[in-house]
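The values are calculated or read from the model by the stated rules, or taken from the named source; none is laboratory data. On a predicted model such as this, the values are computed, not experimentally measured, just so you know. Neighbour counts run over all protein chains shown; Cβ positions are idealised from the backbone, glycine included.
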Amino acid sequence: MACVESQAFDFAGFLCPSCGGNLEITYDYAAIAKDVAAGFGFGDSRADLFRYAPLLPVKETDAPFPLRVGGTPLYSAPRLGELCGLRNLYLKDDTVNPSASTKDRAGAVALRRAIDIGANVVSVASTGNAGSSLACLSAALGLRAVVFVPEDAPTAKLTQALSFGATVYAVRGNYDDAFDLCLAASNEFGWLNRSTGYNPFTREGKKTCAYEIWESLGGRVPDRIVVPTGDGNLLSGIWKGWCDLRAVGLVDRVPKIDCAQSDSSAAICRTVRRIRDSGDSDPDWSTVVVDEVRASTAADSISVDRPRDGLAAVKSVIQSGGETATIPDEEILAAIPEMARTTGIFAEPAAAAPWAAVKQMVRDDKIDVDELVICIVSGSGLKDIANVRKTVGKPLLIDPTIDAIKNAR
Ligand SMILES: Cc1ncc(COP(=O)(O)O)c(C=O)c1O
């Protein structure tokens, strides 16, 4: 397949010139607070995340985004909660986004930004979901998408990206190799790189998940939000969303943000624990180095050696007073049918990690059973059937007769 065209753009400047970290976008919160007090943004009848435009880095426009991103349901999950005694458990169902994962929030804002500055080729490194999301949203917007994934990315995610017409490079190596190649290729060819932890606009999209939770709860603040974590951008985004709400005067307290990782891909949890063990809860952040690991987990979306937004995620967990939970793969996979059977929500392995984390934290007395707890369900089970199948057995194969049903075991 031919390489997509070069574009005369220089998107350098996405990283902090002194520490090399992901830049943080800031707002004039005092001015926005006045708009918000006047009812601007929140409560807007638009169903998608662009109803929060005053707190997003995009130009105001009347043109609707072609697909509905965000505006996803928050479901109460009493029967799931009961399994570990929790009385106020909710699931934020981000599987109903256009490409069936939470990544669409990041992509929508990054692509609106790309359009605002005139880019037409957008690249991404992905474990699978960011790539299928970029491909999906680019197709709807008429942009070219270039996707770099590890060669073993789940078939469904690759098939989505190809169906949407993206150029997909399956890189021999892991996600970190795909990330480095995407960065080099984007610099070489002048593509706008939407990769997580590199492009500062992704966090701005993900933070809308917090705004929606706050709205769905009628302005109440949950006690904790449990976030499946790989690069750490979803977690730092959700924390930023609550900090924004506080900055514009809509809330006066914020929830704890808990980090759920596979125990075989736990760079962020390990770093948080190391910092807490040192007894310094507010270290000089410019000197903090996030751990690296050799990740190998069935939860492919959160399989990351070197978290690209790790520092912001570590800071978010510590500043919010959140917990860390590292879960074995067997417990992550077992969480999928448990959630499905008690709530009707079908999660991919990464998206089931928060529920597995909640059970572990209740067992370890880290959560009180009366707390209002939210699990982020970040991707659909249809995206990784091969792993999900391991947890559910096989259908009963029978002849087309009533006797066969009676005799089936
Ligand atoms: C389904 C799903 N959940 C969670 C995550 C973790 O997000 P982050 O890499 O920002 O930590 C991802 C990232 O790809 C994902 O696809």
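Would you mind stating whether Ser262 is away from the ligand (no atom under 12 Å from the Cβ), hydroxyl-bearing (Ser, Thr, Tyr) and closer than 26 Å to Gly131 by Cα? So Ser262 does not fit the description; no.
Has the range 312-324 got at least one residue that is surrounded by fewer than 19 Cβ atoms within 10 Å (Cβ to Cβ) and more than 11 Å from the ligand (Cβ to nearest atom)? Looking through the range 312-324, at least one residue is surrounded by fewer than 19 Cβ atoms within 10 Å (Cβ to Cβ) and more than 11 Å from the ligand (Cβ to nearest atom). Does Glu24 satisfy the condition of being of a type in the set (Asp, Glu), surrounded by fewer than 17 Cβ atoms within 10 Å (Cβ to Cβ), within 16 Å of the ligand (Cβ to nearest atom) and outside any helix (DSSP H, G or I)? Yes.
Within the range 297-307, the presence of a residue that is among the hydroxyl-bearing types (Ser, Thr, Tyr) and more than 13 Å from the ligand (Cβ to nearest atom) is excluded. Among the numbered conditions (1) under 30 Å from Arg389 (Cβ atoms); (2) at pLDDT below 95; (3) part of a helix (DSSP H, G or I), the only one that Ala295 does not meet is (3). How many of the residues in the range 317-355 are in a helix (DSSP H, G or I) and within 15 Å of Ile374 (Cβ to Cβ)? Count: 8.
Identify all residues within the range 73-89 that are of a type in the set (D, E, K, R) and part of a loop (DSSP other than H, G, I, E, B); write none if there are none. Walk me through it before giving the result.
Keep residues of the range 73-89 that are of a type in the set (D, E, K, R), which gives 79, 82, 87.
Once the filter is applied, which keeps residues that are of a type in the set (D, E, K, R) and part of a loop (DSSP other than H, G, I, E, B), the range 73-89 yields only Arg87.
For the range 62-88, filtering for residues that are among the hydrophobic types (A, V, I, L, M, F, W, C) and within 14 Å of Glu338 (Cα to Cα) leaves 4. Among the conditions (1) over 19 Å from Glu371 (Cα atoms); (2) more than 16 Å from the ligand (Cβ to nearest atom); (3) among the β-branched types (Val, Ile, Thr), the only one that Val254 does not satisfy is (1). Checking each residue in the range 77-122 for being more than 16 Å from the ligand (Cβ to nearest atom) and more than 24 Å from Trp355 (Cβ to Cβ) picks out Leu111, Arg112, Arg113, Ala114, Ile115, Asp116, Ile117, Gly118, Ala119, Asn120, Val121, Val122.
Under the condition of being touching a Cys at 6+ places or on another chain (Cβ under 8 Å) and farther than 17 Å from Phe189 by Cβ, the residues counted in the range 117-160 number 1.
Return the residues of the range 62-76 that are in contact (Cβ under 8 Å) with a residue 40 or more places away in the chain and more than 16 Å from the ligand (Cβ to nearest atom); say none if nothing qualifies.
Within the range 62-76, the first condition is being in contact (Cβ under 8 Å) with a residue 40 or more places away in the chain, and the residues that meet it are 65-67, 69-75.
Matches in the range 62-76: Phe65, Pro66, Leu67, Gly71, Pro73, Leu74, Tyr75.
Give the range 193-219 a look and list any residue that's farther than 21 Å from Ala119 by Cα and of a type in the set (Ser, Thr, Tyr), or say none.
Step one: of the range 193-219, the residues farther than 21 Å from Ala119 by Cα are 206-219.
Scanning the range 193-219 gives Thr208, Tyr211, Ser216.
Put simply, of Ser186, Ser195, Ser236 the only residue that is hydroxyl-bearing (Ser, Thr, Tyr), surrounded by 17 or more Cβ atoms within 10 Å (Cβ to Cβ) and within 12 Å of the chain's Cα centre (by Cα) is Ser236. Candidates in the range 371-409 are the residues that are of a type in the set (Val, Ile, Thr) and away from the ligand (no atom under 16 Å from the Cβ); of these, the one that is farthest from Arg87 (Cα to Cα) is Thr401. Is it the case that the range 137-153 has a residue that's over 18 Å from Gly232 (Cα atoms), surrounded by fewer than 24 Cβ atoms within 10 Å (Cβ to Cβ) and within 16 Å of the ligand (Cβ to nearest atom)? Yes, the conditions are met somewhere in the range 137-153. With respect to (1) part of a strand (DSSP E or B); (2) over 25 Å from Ile345 (Cβ atoms); (3) not aromatic (Phe, Trp, Tyr), the lone exception for Lys92 is condition (2).
Only residues that are under 19 Å from Leu234 (Cα atoms), surrounded by fewer than 19 Cβ atoms within 10 Å (Cβ to Cβ) and either of a type in the set (Ser, Thr, Tyr) or in contact with a Lys or Arg (Cβ under 6 Å, 6 or more places away or on another chain) (or both) were counted across the range 265-304, and they come to 2. When the criteria are applied in full, Leu181 fails the requirement of being away from the ligand (no atom under 12 Å from the Cβ) and buried (at least 23 other Cβ atoms within 10 Å of the Cβ). Screening Val69 on (1) among the hydrophobic types (A, V, I, L, M, F, W, C); (2) surrounded by 24 or more Cβ atoms within 10 Å (Cβ to Cβ); (3) in a helix (DSSP H, G or I) shows it passes everything except condition (3). Taking Ile376, is it in contact with a Leu (Cβ under 8 Å, 6 or more places away or on another chain) and in a loop (DSSP other than H, G, I, E, B)? Answer is no for this residue.
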